[in-house]
Amino acid sequence: MTKAEPLKGVFVVDNQQNNQQSKNNQKQEQDINQLLKIKREKLAMLQEAGKDPFQITKFDVTAHSREIKENFEQMEGKIVSIAGRIMQKRVMGKASFCNIQDLKGNIQSYVARDGIGEEPYADFKKYDVGDIVGITGEVFKTKTEEISIHASSVTLLSKSLQILPEKYHGLTNTDIRYRQRYTDLIMNEEVKETFVKRSKIISSIRRYLDEQGFMEVETPMLVSNAGGAAARPFETHFNALDEDVKLRISLELYLKRLIVGGLERVYEIGRVFRNEGLDTRHNPEFTLMELYQAYTDYNGMMDLTENMFRYVAQEVCGTTTVPYGEHMIDLGKPFERLTMIEAVKKYTGIDFDQIADTAEAKKLADEKEVHYEDRHTKGDILNLFFEEFVEEHLVQPTFVMDHPVEISPLTKRKPDKPDYVERFELFITGREMCNAYSELNDPIDQRERFKAQEELFAQGDEEANHTDEDFLNALEIGMPPTGGIGYGIDRLVMLLTNSPAIRDVLLFPTMKTLGGKDQ
């Protein structure tokens, strides 16, 4: 026997296993195709019999599963009508059970020939898991104490022509879950709960701001100058005017125009679009909320943010201490407040107040292997140190304040330290949750900041801002001292639903197309 012979045996086994797997896959595909064919044949038979479910236009729902279960003592013996999808079905001769899933949960129904009639019962026995039905009947408890509905009528409202994922294994393929969110919502109850909670979070934010005297407004999505943030915009062409336009990357500049116009407290919740990569924290279109309040500063924005986060957590979660991953995030106690210089010093021991100039900052970056570009100044390098060495440590709520002027082109300078600005970012779980300023309202200073941004763009910074002459004109009309802030709504939802990735809180996240179309 040669040394090579055992390997030949391994290859033979592998080939046999591969062949068997291929046969199994072919058999499974044939079985699925047969099931799909049967579903369509059932529909054709219904249509030929004048029972086409797609001709039904309405069904009067009087109750949902959860309210029946939670209020059984009041509901027992009452006639209700529910509607939903058949998720389980057990046919036992003259009587059957099915489990119906609706918006609020699921409930069992007892369907018997004597209860609904011989012909309707014969039809019911042919219904499939996945079909949508309306059931009218009496609320009762079975011998096993399960709250159920004793059906007096069953109406097929929609025929499912596809096959739901297998019940006990569910829908676990992450890529398919995101692409087919409709199936994900059917099969994974916790996913539905996440999006119900998302809606509640946004409603709660609106209530809080409305109570504080803010007015909700809407501003353009298609703009000639996509300013207000450091990001690459998406570009398109407006045929009617033969002009190139951009999708907005921020809400800021239009909302500030409204402050100039005398609307003292405004906010907007809307989609913004940034031509950047995909990861657990970023999606090219996402929900941003920005608000602006006249006659206050970034300290007022910190107080508002802290109070709003507590209010929303208490309303939506029933507590101000929420789990996230392995951490318990305490939104109830005062948030820590650090300047960016203090934060870098706390976690690196380096005091940038003692760094004399850009040359010394670059030398320090070389020593610490922090990558920078030639155009970067001392302020840019301070920010790079913060991103490299500090962000990941900011798990509990922390306001990081007083950023370098180089990275804050729309922010008012600190009077006692003009190389820095009155700006803060809130970090929780190592992620930026919001970004706020004492807004720059000096049109002369703002023009110089825009000029510096144009120079950066010329040097290759595609995320630099461009001069907005109409916005400068608004500032020259006069804008009062103003505090402003932008919140990443998706990240707040991630926090309050304990979701690890932004795609988990977007109903339809951006996905790479497959085979020429989204699948």
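Quick notes on this structure:
- Val129 sits with roughly 60 Å² accessible to a 1.4 Å probe, with DNA, RNA and ligands left out of the calculation.
- Shape parameters for segment 124-225, alpha-carbon atoms, Rg then Dmax in Å: 21.2, 68
- Computed with a 1.4 Å probe over protein heavy atoms only, the accessible surface of segment 41-90 comes to 66 Å² per residue.
- Helix 443-458 and the longest principal axis of the C-alpha atoms of the chain enclose an angle of approximately 70°.
- Taken as Cα centroids, segment 418-434 and segment 223-237 sit 23 Å apart, rounded to the nearest whole angstrom.
- From the coordinates shown, semi-axes √(5λ) of the Cα gyration tensor in Å corresponds to which of (i) 40, 29, 22; (ii) 38, 25, 22; (iii) 54, 31, 24: (iii)
- Degrees separating the helix 5-48 axis from the principal Cα axis of the chain, which is the longest one: 70 degrees
- Heavy atoms of the protein chains alone define the surface here; on that basis segment 249-373 has 46 Å² accessible area per residue at 1.4 Å probe size.
- Three principal axis extents describe the C-alpha atoms of segment 28-73; from largest down they are 48, 32, 14 Å.
- Taken along its principal axes, the alpha carbon cloud of segment 180-243 reaches lengths of 47, 39, 26 Å, longest axis first.
- For peptides 115-123, 216-224, sequence by mean Cβ density within 10 Å, most packed first: 115-123, 216-224
- Helix 378-389 vs. the chain, principal-axis angle (Cα, 0 to 90°, nearest 10): 30 degrees
- Using the Cβ-Cβ distance between Arg90 and His282 with R0 set to 51 Å, the FRET efficiency from 1/(1 + (r/R0)^6) comes to roughly 0.65.
- Distance between modelled label sites at Met215 and Asp353, nm, 7 Å Cα→Cβ extension: 4.3 nm
- Separation between Cα centres of segment 351-374 and segment 125-167, rounded to whole Å: 68 Å
- You can think of it this way: the chain between Ile176 and Gln396 has 75.8 nm of extra reach, that is 0.36 nm per residue less the Cα-Cα gap.
- Overall, the accessible surface of the chain at a probe of 1.4 angstrom is composed of carbon and sulfur to the extent of 49 percent.
- Note on Glu76/Ile38: beta-carbon distance plugged into 1/(1 + (r/R0)^6) with R0 of 51 Å gives a FRET efficiency of 0.85.
- For the chain, with +1 on Lys and Arg beta carbons and -1 on Asp and Glu, the positive-most of Gly228, Val217, Phe140 along the dipole: Phe140
- Sites matching trypsin sites (Lys or Arg not before Pro) across segment 483-516 that sit in DSSP coil, with at most 15 neighbouring C-beta atoms within 10 Å: Lys512
- Within segment 303-381, the GluC sites (Glu not before Pro) that combine a DSSP coil assignment with at most 13 other C-beta atoms in a 10 angstrom radius are Glu326, Glu369, Glu373.
- Low-density loop positions, GluC sites (Glu not before Pro), segment 438-478 - DSSP coil, at most 14 other Cβ in 10 Å: Glu462
- When the C-alpha to C-alpha distance is required to be over 30 Å, the pairs from Lys256/Lys414; Lys125/Lys197; Lys256/Lys363; Lys58/Lys78; Lys39/Lys192; Lys246/Lys512 that qualify are Lys125/Lys197; Lys256/Lys363.
- Long-range HN-HN contacts of Ser152 with modeled amide H, under 5 Å: Thr136, Gly137, Glu138
- For segment 447-470 versus segment 265-320, the inter-centroid distance based on Cα atoms is 26 Å.
- Every pair of different Cα atoms in segment 422-472 enters the Kirkwood calculation, which places the hydrodynamic radius at 12.8 Å.
- Scanning residues 5 or more positions from Ile329 or on other chains, those with amide H under 5 Å from its amide H are Val322, Tyr324, with H placed 1.01 Å from N in the peptide plane.
- Averaging 1/r over each pair of different alpha-carbon atoms in segment 375-446 and inverting the result gives 12.8 Å, the Kirkwood hydrodynamic radius.
- Calculated FRET value between Glu189 and Asn275, using beta carbons and R₀ = 41 Å, to 0.05: 0.70
- Label point distance in nm, Glu119-Arg207, each placed 7 Å from Cα along Cα→Cβ: 5.1 nm
- For segment 470-477, Karplus couplings with θ = phi - 60° (6.51, -1.76, 1.60), whole Hz, Gly/Pro x: 5, 5, 4, 4, 4, 5, 5, 4
- Estimated from helices alone, the mean residue ellipticity of the chain at 222 nm is -12000 deg cm²/dmol (sum of -39500 (n - 2.57) over DSSP H runs with n ≥ 4, per residue).
- Along segment 399-414 the Karplus relation, 6.51 cos²θ - 1.76 cosθ + 1.60 evaluated at θ = phi - 60°, assigns HN-Hα couplings of 8, 9, 10, 6, 7, x, 5, 4, 9, 9, x, 10, 10, 6, 5, 6 Hz to successive residues, with x for each Gly and Pro.
- Once backbone amide H atoms are built at 1.01 Å from N, Arg232 has Asn275 as its partners under 5 Å, excluding neighbours fewer than 5 places away on the same chain.
- Hz values of 3J(HN,Hα) by residue in segment 342-353 - Karplus curve (6.51, -1.76, 1.60), Gly and Pro given as x: 5, 5, 5, 5, 4, 9, 10, x, 9, 9, 6, 5
- Placing unit charges on the Cβ atoms only, positive for Lys and Arg and negative for Asp and Glu, gives the chain a dipole magnitude near 3080 debye about its Cα centre.
The values are calculated or read from the model by the stated rules, or taken from the named source; none is laboratory data. The structure displayed is predicted, hence computed values, not measured ones. Glycine also receives a Cβ, built like all others from the backbone with ideal geometry; neighbour counts cover every protein chain displayed. Side chains included, ligands, DNA and RNA excluded: accessible areas come from the protein's heavy atoms. Shrake-Rupley method; radii C 1.70, N 1.55, O 1.52, S 1.80 Å.
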